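See structure below.
What follows is calculated from the coordinates using simple rules that are stated; it is not laboratory data. Bear in mind the structure is a predicted one, so any value in this text is a computation, not a measurement. Counting neighbours? That spans all protein chains shown, and the Cβs are built from the backbone with ideal geometry, glycine included.
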Amino acid sequence: STVADFVAALPKVELHLHLVGSASLDTVLTLARRHPDGGVPTELDALRRFYTFTDFPHFLDVYRQVNLLVTAADVVTLVTELAADLAARTVRYAEVQVTPVRHRMGGVGYDDLAQALVDGRTLARERHGVELGWVFDADAILGPAGAEETVDFAVGHRPDGTVGIGLGGSELGVSRADFAPAFHRAVAAGLHSLPHAGETVGPGEIWAALTDLGAERIGHGIAAAQDPRLLEYLAAHHIPLEVCPTSNLLTGAAPSLAAHPLPALVAAGVPVTLATDDPGMFQTDLDAEYRLCHDVFGMGIPELAEIARTGARAAFCSDELRTQIL
Ligand code: ADE
Ligand code: ZN
């Protein structure tokens, strides 16, 4: 269709994407067969079953079991495969969330991880024309100590392309506010604050991300639709939300696409960017998310183009690249 062709040719940025969750089924099988004792299925049918989520806690549980990165070479493989997938969707720039503490626990040392990210990023640019930035995210379940270790890595190693600090995992029983000291240290060192908030719990965690963590964008943030004062605040302060409809549907964060708040967020004047979160796990890609906005929410080409521009404005890329995308 006209819309599908428009989306396929549209230069895009992708601002909410997790490295491990981005691995295509093929890439997962390649890495799982490299390390068959890692607990990840090595056959396609079993992997598809493994990637069927019953609810959000189950999704997080599966996500944590996917330890595909054991060596620096695995990291380079995953980054370059991701870059190829992004290039195929005319994504020119992506900010990729990497969870260094998880990879350290899985066996990749911090020096190796930093070097592999630098090497992978160079290959992404040279082979695929895709520019990558890194967001080092803490898994909330590892508590403030895990966040401090994440900041130690981000600030201490600061591999080329380092953009910010993130916070993922569960919001239930772990307040964003608990991570304030780690985030303050990261921000003082010049990193951007890019936490998840308001994905599966109410707007209070988005307020906490803004006031306690100095959030400059919000991962998901869909709960903002429940709080008119928060919508006004996000619009007035130009705080973008990184909205991932397919992710929200498949993890149960949203009850249905029909009930998804994206149109309400846009109507309230909140800057909304579209993203995939974990495209390999959810079997989606950024073009599919744009097409979904047309098919389900009735957005036309001008609205889709505006979403893409919002993303380019919200990206922490060079102004030269931003101008090319805009
Ligand atoms: N890690 C990977 N995907 C995530 C999500 N959607 N929410 C929280 N943590 C995540
Ligand atoms: Zn996420």
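Just so you know, in the stretch 32-61 the residues that are surrounded by fewer than 17 Cβ atoms within 10 Å (Cβ to Cβ) and within 14 Å of ligand 1 (Cβ to nearest atom) include one that is nearest to ALA83 (Cα to Cα), and it is ASP61. Being in contact with a Gly (Cβ under 6 Å, 6 or more places away or on another chain), without any contact (Cβ under 8 Å) to a residue 40 or more places away in the chain and within 14 Å of ligand 2 (Cβ to nearest atom) is the filter here; which residues of the stretch 222-264 pass it? The one that is in contact with a Gly (Cβ under 6 Å, 6 or more places away or on another chain), without any contact (Cβ under 8 Å) to a residue 40 or more places away in the chain and within 14 Å of ligand 2 (Cβ to nearest atom): LEU241. Annotation: THR122 fulfils all but one of (1) in contact with a helix residue (DSSP H, G or I) (Cβ under 7 Å, 6 or more places away or on another chain); (2) within 30 Å of PHE6 (Cα to Cα); (3) surrounded by fewer than 24 Cβ atoms within 10 Å (Cβ to Cβ); the unmet one is (1).
If I filter the stretch 175-187 for residues that are more than 16 Å from the chain's Cα centre (by Cα) and farther than 16 Å from ALA215 by Cβ, do I get at least one hit? Scanning the stretch 175-187, I find no residue that is more than 16 Å from the chain's Cα centre (by Cα) and farther than 16 Å from ALA215 by Cβ, so the answer is no. Are any residues in the stretch 192-212 of a type in the set (A, V, I, L, M, F, W, C) and surrounded by fewer than 24 Cβ atoms within 10 Å (Cβ to Cβ), and if so, which ones? Selection gives VAL201, TRP207, ALA208, LEU210. Whenever a residue of the stretch 7-31 is crowded, with 21+ Cβ neighbours inside 10 Å, its partners that are in a strand (DSSP E or B) and among the hydroxyl-bearing types (Ser, Thr, Tyr), lying with C-beta atoms within less than 6 angstrom and at least six residues away or across chains, give the pairs VAL13/TYR93; LEU15/THR273. Taking the criterion of being outside any loop (DSSP other than H, G, I, E, B) and either acidic (Asp, Glu) or more than 16 Å from ligand 1 (Cβ to nearest atom) (or both), the residues of the stretch 230-248 that qualify are LEU230, LEU231, GLU232, TYR233, LEU234, ALA235, ALA236, GLU242. Restricting the stretch 265-285 to residues that are within 16 Å of ligand 2 (Cβ to nearest atom) and under 24 Å from ALA235 (Cβ atoms) leaves a set whose member that is surrounded by the most Cβ atoms within 10 Å (Cβ to Cβ) is ASP277.
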